[in-house]
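Note sheet for the following structure.
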Amino acid sequence: MSTIFERNLLALSSCDPRLSAQISGVTSSIDTQIILSKSGHPVPVISRNNRDTPLHSRFDPQKEGEKYLKHFEAEGFLVFLGLGAGYQIEPFLKQNEVTQVVIIEKEFSYFKYLLENIDLSALIINPKVRLIVGYSDREVEEFLLKNYLPCFSGNLKTISLASRVNLDRSYFENIIEVIRNVIGKIADDYTVQVNFGRRWFINTIKNLEKAEKTYFRLPSNRKIIITGAGPSLENQIPLIKKKHKDALLIATDTSLLTLLAYDIVPDLTLSIDCQHISYHHFLKGIPDNIPLVLDLASPPLLTRLTDNILFFSSGHPFSQFISNYWRAFPNIDTSGGNVSHAALSLARYLGAEKVYLYGIDFSFPEGKAYSRESYLYPYFRSSESRTKPLESSFFNFIFKDKKVIKEQIKNYIRYTTRPMINYKKRLEEIVNNLEINVIQENSMGIPLDVKHFHTDVNKLPRLISQGPAKTSWKEFLIFFNLELSKLPKPFSPISEYLYHLELYQRDLLMTLFPAASTIGEKLNPKNLKGADLLDETIQWSTNIINQFL
């Protein structure tokens, strides 16, 4: 074993034992060689199809690498496509504004050859650097979704080593497309965190006292009905009454008032919105016999409506931490951004094999926004006048999005928006991933593009309930505050700070990231970034908790 390889492998094993173990059992590439440039620096050369391709300048690769700084902004979260000898990467590692560097390579054998012949140990052990070798599209996506934190990392940019990328163009083009999609997903999620991050945290703390005392269990069923408040719901009432005889009915909060107006009592109602406007769905109250399924971050106003409550843990990191370290709650997927998506996750949790969707239109058929008696009707009626009729309020509601899409569907017109189309796509993803048979009957909305799955008649349904609380809610908050106080003082770059934390400490810190997004974008007159922003968020969280203690 060469001294160069030993040095590189030692560096790799100290920061990425998994990758180090993978490399150990691989045969190094036979189509790669090293030449010396005119300046005396090693340059990898890959031979394919009787053609040699040097990955860097044969004259002065270091000087060539420094030119990358002139063409790309040296700040934020940088993804380098292609490693080579790292000349194009090293100049960026010296820039304080660069928060993290991710290097993506396709082949283990080629990467091992580089480790055997070029001293990359300084690059490997740099705390800003993460190496991704041999990852699939899905693994790259999962890595970025987990590690790219906009409020601390800054903008995400890609920088390609063209000579390397051109040799495996299809692989790297797929990676570029994955990165583009990830940026879209994270941007959407980040926008939500900016708007609601602090509210999630505060609402959850306010709900803990109630969450400690709830002990409700949800029934299961192989057939489940989910209702939304789309205009189609009115015409589907007879179908719902017929199906409800042998199927469990989950009403999304928006559809509850409409169902009750038609004398349909759902088996449970689901609400996921943390905003106070969700209270409008329950202005007429909720019958005592209807269980209310709530996100831990739901508005505390809703928890006062009934004692018949089952809390669940969503994707919010604070909720997940609570579920892991205080009291176990059912986990429901709310990543689709709308309550119908969460209802499907709940249906699968309850053992559903066939789900009927009613009033879930992803559109405004015939120019109608919602089914009658849903919350918008009394809301708009309260401000109705001769100069502002009900129809005018609904028209303004539909066309507040300037990019409304108009479709002529047989004998009626249907309007939709890009956010609605995105909700539909995410719903289709969860249907196909969870392998649920979904049926839309007599809908005027946009039809779902979903597969049909074989059902397992022998599969046993599950019973959903909360686990026992390990302590009182106050004792948990005292524990949480104490653990926050034990965290090492944040320092920049954040990637290095996080790297030195234990896994449990990272879990603890993740609970504050949504609130940090709000503080960083909306409540940051000092324009704090990185470690200062994280320190400010820790202090804010501690102060909030102390108010309840």
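Every number in this text was worked out from the coordinates using simple rules, so none of it is lab data. Note that this is a predicted model, so its numbers are computed, not measured. FYI the Cβ positions are ideal-geometry reconstructions off the backbone, even for glycines, and counts take in every protein chain you see.
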- Is the shape of the stretch 18-173 best called rounded, prolate or oblate, per the rule: a/c under 1.5 gives rounded, else a/b larger than b/c gives prolate, else oblate, with a ≥ b ≥ c the square roots of the Cα gyration tensor eigenvalues? oblate
- Query: So what's the net charge close to S160: Lys and Arg +1, Asp and Glu -1, counting the other residues with Cβ under 12 Å from its Cβ?
  - Reply: +1
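Please compute the length gained on full extension between N96 and R386, using 0.36 nm multiplied by the number of residues separating them and subtracting their Cα-Cα distance.
On the way: separation 290, 0.36 × 290 = 104.40 nm, distance 6.18 nm.
Gain on stretching N96 to R386: 98.2 nm.
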- Quick one: which residues, 5+ away or cross-chain, put their amide H under 5 Å from the amide H of V102? H built at 1.01 Å from N. L78, V79, F80, R130
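When a/c is below 1.5 the answer is rounded, else prolate if a/b is larger than b/c, else oblate, so apply that to the stretch 118-194 with a ≥ b ≥ c taken from the square roots of the Cα gyration tensor eigenvalues.
Details: a/c = 2.21, a/b = 1.33, b/c = 1.66.
It is oblate, given that a/c is not under 1.5 and a/b is not larger than b/c.
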- Note on the structure: For the pair E502 and A122, the simple spin-label estimate (label points 7 Å beyond Cα toward Cβ) gives in nm 3.4 nm
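Going by how many other beta carbons lie within 10 Å of each one, how would you line up V339, V404, V182, V43, fewest first?
Numbers: V339 27, V404 14, V182 19, V43 22.
Ascending number of Cβ neighbours within 10 Å: V404, V182, V43, V339.
Apply 1/(1 + (r/R0)^6) to the Cβ-Cβ distance of F479 and C15, taking R0 = 22 Å, and write down the FRET efficiency to the nearest 0.05.
On the way: r = 31 Å, r/R0 = 1.43.
Taking R0 as 22 Å, the efficiency between F479 and C15 is 0.10.
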- Query: For the stretch 21-128, with the dipole built from +1 on Lys and Arg beta-carbon atoms and -1 on Asp and Glu ones, taken about the Cα centre, which of G76, I103, S47 lies farthest toward the positive end?
  - Reply: S47
- Task: Give me the net charge of S57's neighbourhood, meaning all other residues with Cβ under 12 Å from the Cβ of S57; Lys, Arg count +1, Asp, Glu -1.
- Result: +1
- Message: Based only on other Cβ atoms within 10 Å, what is the fewest-to-most ordering of K185, K529?
- Response: K185, K529
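Given charges of +1 on the Cβ of Lys and Arg and -1 on the Cβ of Asp and Glu, with all other atoms neutral, how large is the dipole of the chain about its Cα centre, in debye to the nearest 20? Display every interim value, and only then the final one.
Numbers: 64 positive and 59 negative charges, 216 e Å.
The calculation lands at about 1040 debye.
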- If you find the alpha carbon centre of the stretch 148-210 and of the stretch 77-91, how far apart are they in angstrom? 20 Å
- Item | Size of charge dipole - the stretch 214-440 - debye, nearest 20, with Cβ of Lys, Arg +1 and Asp, Glu -1, no other charges | 480 debye
- Message: Using the basic label-point model (7 angstrom from Cα toward the beta carbon), what is the N432 to I409 distance in nanometres?
- Response: 2.1 nm
- Task: With everything on Cα atoms, drop me the angle between helix 3-15 and the longest principal axis of the chain, reported from 0 to 90° to the nearest 10.
- Result: 20 degrees
- Query: Extension gain E173-D401, at 0.36 nm per residue separation less the Cα-Cα distance, in nm?
  - Reply: 78.7 nm
- Task: Kindly list the residues of the stretch 328-361 that lie in the label zone of I439, defined by a backbone N under 11 Å from the point 7 Å along the Cα-to-C-beta vector.
- Result: 354-357
- Query: For helix 339-349, what angle does its Cα long axis make with the longest principal axis of the chain, in degrees from 0 to 90 and rounded to 10?
  - Reply: 80 degrees
- Query: Taking 0.36 nm per residue of separation and subtracting the Cα-Cα distance, what length does fully extending E73 through N543 add?
  - Reply: 165.5 nm
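Rounded to the nearest 0.05, what FRET efficiency do F59 and K157 give with R0 = 30 Å and r taken as the Cβ-Cβ distance? Could you check?
On the way: r = 27 Å, r/R0 = 0.91.
Working from the Cβ atoms, E equals 0.65.
Can you give the FRET efficiency to the nearest 0.05 for E66 and A187, using r as the Cβ-Cβ distance and R₀ = 35 Å? Walk me through the numbers before you get to the answer.
Numbers: r = 32 Å, r/R0 = 0.90.
That gives a FRET efficiency of 0.65.
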- In sequence order, calculated HN-Hα J values of the stretch 490-500 (Karplus, 6.51, -1.76, 1.60; Hz; x Gly/Pro): x, 9, 9, x, 4, 4, 6, 4, 5, 4, 8
- Could you work out how far helix 473-486 tilts from the main Cα principal axis of the chain, as a 0 to 90 degree angle to the nearest 10? 20 degrees
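Shape of the stretch 472-548 from its Cα gyration tensor (a ≥ b ≥ c, root eigenvalues): rounded if a/c is under 1.5, otherwise prolate when a/b > b/c, or oblate? Please list the in-between numbers first.
Details: a/c = 2.27, a/b = 1.22, b/c = 1.87.
The shape class here is oblate.
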